[in-house]
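Beneath this line is the structure, given in structure tokens, with notes to follow.
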Amino acid sequence: MDDDDITDEGDQQEALLDVPLEVTAVLGTSYMKVSQLPKMGRGAVVQLDRSVGEDIEIRANGNLIARGEVVVVEDHLAVTMTKIIKTQIKT
């Protein structure tokens, strides 16, 4: 290992800031048989397992990291985090 491979902790943390992360807001889930999909047309309603006003899940790379609420910001849907979920990192 040469000196170019060695960085201090600040450089390591800064390098992590450039790592891509997929963030997903889960409004709810529904289960159905594949045979039902072709029968669904435009305007079909799929009932989800959450109620209006109930917190949604916020996931990062598939892992639950927070709960939040859906809000409107300048005619766009957005999510505001209401609770951060602390999880153990698997090693």
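Of everything in the stretch 40-52 that's loosely packed, with under 10 Cβ neighbours inside 10 Å and free of Cβ contacts under 8 Å to residues at least 12 places away in the same chain, which residue is nearest to Val79 (Cα to Cα)?
Taking the stretch 40-52 and keeping what is loosely packed, with under 10 Cβ neighbours inside 10 Å, we get 41-45, 47, 51-52.
Within this subset, residues satisfying the condition of being free of Cβ contacts under 8 Å to residues at least 12 places away in the same chain are 41-45, 51-52.
Working: Gly41: 28, Arg42: 26, Gly43: 24, Ala44: 25, Val45: 22, Ser51: 16, Val52: 14 Å.
Filtering first and then ranking leaves Val52.
For the stretch 64-83, give me each residue that is of a type outside the set (D, E, K, R) and exposed (fewer than 11 other Cβ atoms within 10 Å of the Cβ). Don't jump to the end; show me each part of the working.
As a first pass, look at the stretch 64-83 and keep what is of a type outside the set (D, E, K, R): 64-66, 68, 70-73, 76-82.
Within the stretch 64-83, Val71, Val72, Val73, His76, Leu77 qualify.
Every residue in the stretch 17-39 that is in contact with a strand residue (DSSP E or B) (Cβ under 9 Å, 6 or more places away or on another chain) and either at pLDDT below 90 or surrounded by 10 or more Cβ atoms within 10 Å (Cβ to Cβ) (or both), please. Talk me through it step by step, then tell me what you get.
Here is the first cut: in the stretch 17-39, the ones in contact with a strand residue (DSSP E or B) (Cβ under 9 Å, 6 or more places away or on another chain) are 21-28.
Within the stretch 17-39, Val23, Thr24, Ala25, Val26, Leu27, Gly28 meet the criteria.
Can you tell me which residue is nearest to Ile84 (Cα to Cα) among those in the stretch 22-49 that are in a loop (DSSP other than H, G, I, E, B) and in contact with an Asp or Glu (Cβ under 9 Å, 6 or more places away or on another chain)?
Just the residues of the stretch 22-49 that are in a loop (DSSP other than H, G, I, E, B), to begin with: 22, 27-33, 40-49.
Applying the additional criterion that residues be in contact with an Asp or Glu (Cβ under 9 Å, 6 or more places away or on another chain) yields 27-31.
Values: Leu27: 17, Gly28: 18, Thr29: 21, Ser30: 25, Tyr31: 27 Å.
The qualifying residue nearest to Ile84 (Cα to Cα) is Leu27.
The values are calculated or read from the model by the stated rules, or taken from the named source; none is laboratory data. Treat the numbers as computed from the prediction; the structure is a model and nothing was measured. Reconstructed Cβ throughout: ideal geometry from the backbone, glycine too, with neighbour counts over all protein chains shown.
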